[in-house]
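Structure first, then comments.
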């Protein structure tokens, strides 16, 4: 999950996070989650803020990269209500206390809030700044904090009106191009944790900063940075499904100088209480054969790990506690997001690969405890290909 599979099409947005000497070459990467907000990418991705207790629906953004829409999928029976409202071509989604929040990223640059009982008009739609490229939104301390890839600050909004009530200055972590590339944002109580992916850019060539990425710890009440932690390149945050006081950090760039999947990263556990970040990787990318695209897991640590490969994707039956991963499936489709609901299922968002126009797209559902695919008889389809998922 780099900035995450967990979800953004960098070919479409010309913002793919690439290794030194590379230019954009993939259509599905925000990697390491999606985004996601799963335990992996849907950074919002890893048992995240997007999972409501007693959820009844999956909230799915769909897109063809030029335009998108919102869909609802019933968790009982998987009935699809499609094309509910129009979104941008690069939409991530979060659910906060029953409100659906769609971050319309590159080119649209807004946050739109919906009441799922009435989609006739949004609760609000606010600009995040022209060209700001917003990535994620997190609720913390009675405010919404929005990360923006093209700005050296977080935007702070009133959750009732969407009006701007402040910013958090990130300029001290700028790597020299005017922005530290803030991506993930997750709250633990009244403290916010934000990942800075920190690329030094020269046109389409993005080189990870030599001194690494960062995790910032922010007091949501005073909106000040309390601590910083150095990570490997291009970090994405996800919740730790086994310990609500910890986070997962997915690191690594997507491509090497030959445009092959770099396989240079993996997942590490971050403990904000002690400030410790695991020295070694869980699921090293070199061992699973690709870039971590997301993990959705149970409190036991068992779950589904998705990996982006040079040819498409792999799905693994994984155990976070044991650090193991057993291959379940391999396809030429890309994985764009992974998220666990509160019923013991993991949802995997798969999209058609530009490498294989005949590859499949749809929503796959796995029972996490047994790693059994519940959609083996046919993936859940939406009119446009699915992009990101949260739960309502």
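Here are a few things to note about the model shown:
- Taken over the stretch 264-282, the residue count meeting the criterion of being surrounded by fewer than 24 Cβ atoms within 10 Å (Cβ to Cβ) and assigned to a loop (DSSP other than H, G, I, E, B) is 9.
- Residue match in the stretch 164-171 (condition: surrounded by 19 or more Cβ atoms within 10 Å (Cβ to Cβ), at pLDDT 95 or above and under 30 Å from residue 202 (Cβ atoms)): yes
- Options 138, 113; residue that is closer than 26 Å to residue 243 by Cβ, touching a strand residue (DSSP E or B) at 6+ places or on another chain (Cβ under 9 Å) and in a strand (DSSP E or B): 138
- Residue check, residue 392 under 14 Å from residue 82 (Cβ atoms) and at pLDDT 95 or above: no
- Residue match in the stretch 370-379 (condition: crowded, with 22+ Cβ neighbours inside 10 Å and in a loop (DSSP other than H, G, I, E, B)): no
- Residue within the stretch 38-49 that is assigned to a loop (DSSP other than H, G, I, E, B) and modelled with pLDDT of 50 or more present: yes
- Condition check for residue 348 on (1) over 21 Å from the mean Cα position of the chain (by Cα); (2) within 23 Å of residue 63 (Cβ to Cβ); (3) surrounded by 16 or more Cβ atoms within 10 Å (Cβ to Cβ): one failure, at (1).
- Qualifying residue in the stretch 352-362 (condition: closer than 20 Å to residue 250 by Cβ, in a strand (DSSP E or B), at pLDDT 95 or above and in contact with a strand residue (DSSP E or B) (Cβ under 8 Å, 6 or more places away or on another chain)): no
- Test: residue in the stretch 126-139 that is out of contact with any helix residue (DSSP H, G or I) (no Cβ under 9 Å at 6 or more places or on another chain), within 15 Å of residue 222 (Cα to Cα) and modelled with pLDDT of 95 or more: yes
The values are calculated or read from the model by the stated rules, or taken from the named source; none is laboratory data. It should be emphasised that the depicted structure is a prediction, and the values quoted were computed from it without experimental measurement. Quick reminder, even Gly has a Cβ in these numbers, built from the backbone with ideal geometry, and neighbours come from all protein chains shown.
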